[in-house]
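The values are calculated or read from the model by the stated rules, or taken from the named source; none is laboratory data. Everything numeric here is computed off the predicted structure, so don't read it as measured data. Cβ coordinates were reconstructed from backbone atoms using ideal geometry, including for glycine residues, and neighbour counts include every protein chain displayed. With ligands, DNA and RNA removed, areas are computed over all heavy atoms of the protein, side chains included. Shrake-Rupley method; radii C 1.70, N 1.55, O 1.52, S 1.80 Å.
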Amino acid sequence: HRGETLGLVGESGCGKSTLGNALLRLVPPTGGAVAFDGTDVTSLDRRGLKTMRRRAGMVFQDPFASLDPRRTVAQTVAEPLEVHGLHGGRQQRAARVGELLELVGLDPSVAGRYPHEFSGGQRQRVGIARALAGEPDFLVCDEAIASLDVSVQAQVLNLLRRLQRQLGLTLLFISHDLSAVRHLSDRIAVMYLGRIVEIGPAAAVGTEPQMPYTQALLSAVPVPHP
C-alpha cells in the first residue's frame with residue numbers, strides 16, 4: 001500500500017530477491033502481472049519502463065559490488081539525475097548530490113572519494129542516496145543490511161525508517177532476519193519455496209503466526225538471555 005513498509009521474509013534461496021528484481025523488471029517475470037499505481041509493469045515498453053524506474057528505486061544487498069569502483073561517489077549519485085534529465089546543469093546536479101548525501105547522513109565533502117575509501121555502512125548509505133536521486137515513490141531494499149555489522153545494521157534500519165517517514169516512501173524490505181523485518185515493517189509477508197504463505201500486520205505475524213513455517217522462523221530468532 002502507498003506509504004507503508006512491507007517486509008518480505010524467508011530463508012535464503014526461497015525467491016525473495018528474484019521477486020524484488022522482477023517487480024522492477026531487472027529480471028523478466030515468467031508469468032503474472034505487476035501493478036504499479038494501476039499500470040502493469042510487465043507490459044511497459046522501453047520508454048514506459050524508464051519513466052517507471054524514476055519512481056521506483058533499488059537498494060542492493062552488497063554495497064561494494066553494487067557501486068562502480070572506478071566512479072566517485074558524486075558520479076555514482078549523479079548518474080540517475082543525468083539519465084532522467086533532473087536538476088539542470090552540472091552545478092545544480094552537484095548541489096543536489098550534496099543534498100542527497102546529507103539526507104543519508106554523509107558529509108558532502110566525501111563526494112570526490114571512491115567506494116573503497118568507505119566502510120560498509122557508509123557504502124550502503126551511498127547506495128541509498130543513489131536510489132533516492134530520482135525522487136522515487138517506491139524502494140525495493142533487497143537484503144540491505146545483510147552484509148553489515150550488527151551495530152551498523154541498526155543505523156541503516158533507523159535511516160530507512162526516517163527516510164520513509166520524511167519522504168513518504170513506500171518500501172519493500174526484503175530480509176531473512178525476522179527481527180529486523182518486525183522492527184521496520186507495517187505488514188509482513190512470509191515466503192516459502194517461491195510462494196507467499198502468510199501475510200498480515202507485523203504485530204500479528206510476529207506474535208500469533210498462523211503457518212507452521214512462520215512459527216519455525218520465529219522460533220529461530222535469537223533471544224538474549226539476561
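For segment 100-121, taking the residues that are under 19 Å from Asn158 (Cα atoms) and among the acidic types (Asp, Glu), the one that is most open to solvent (accessible area, probe 1.4 Å) is identified as Glu102.
Scanning segment 126-157 for residues that are assigned to a helix (DSSP H, G or I) and farther than 27 Å from Ile196 by Cβ gives Val126, Ala129, Arg130, Leu132, Val150, Ser151, Val152, Ala154, Gln155. Taking first residues from segment 187-214 that are within 20 Å of Thr5 (Cβ to Cβ) and partners that are open to solvent by 40 Å² or more (accessible area, probe 1.4 Å) and acidic (Asp, Glu), the Cβ contacts under 7 Å between residues at least 6 apart in sequence or on separate chains come to Ala202/Asp186.
Here's the yes/no breakdown for (1) basic (Lys, Arg); (2) touching a strand residue (DSSP E or B) at 6+ places or on another chain (Cβ under 6 Å); (3) open to solvent by 10 Å² or more (accessible area, probe 1.4 Å):
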position	(1), (2), (3)
Ala95	no, no, yes
Arg123	yes, no, yes
Gly134	no, no, no
Ser151	no, no, yes
Leu169	no, yes, no
Phe173	no, yes, no
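Working carefully through the options Ser66, Ser109, Ser17, find the one that is assigned to a loop (DSSP other than H, G, I, E, B) and of a type in the set (S, T, N, Q). One residue alone meets the criteria, Ser66.
Every listed requirement among (1) assigned to a helix (DSSP H, G or I); (2) surrounded by fewer than 19 Cβ atoms within 10 Å (Cβ to Cβ) is met by Pro28 save one, (1). For segment 184-213, a residue qualifies if it is in a strand (DSSP E or B) and not aromatic (Phe, Trp, Tyr), and the qualifying residues are Arg187, Ile188, Ala189, Val190, Met191, Arg195, Ile196, Val197, Glu198, Ile199, Gly200, Pro201. The set of residues from segment 215-226 being in a helix (DSSP H, G or I) and either under 21 Å from Leu19 (Cβ atoms) or touching a residue at least 12 places away in the same chain (Cβ under 8 Å) (or both) comprises Ala216, Leu217, Leu218. Just one of the numbered conditions (1) within 21 Å of Phe173 (Cα to Cα); (2) outside any strand (DSSP E or B) is not true of Met58: (2).
Yes or no: segment 66-85 includes at least one residue that is surrounded by 11 or more Cβ atoms within 10 Å (Cβ to Cβ), at pLDDT below 90, among the acidic types (Asp, Glu) and under 19 Å from the mean Cα position of the chain (by Cα). Checked segment 66-85: no residue is surrounded by 11 or more Cβ atoms within 10 Å (Cβ to Cβ), at pLDDT below 90, among the acidic types (Asp, Glu) and under 19 Å from the mean Cα position of the chain (by Cα).
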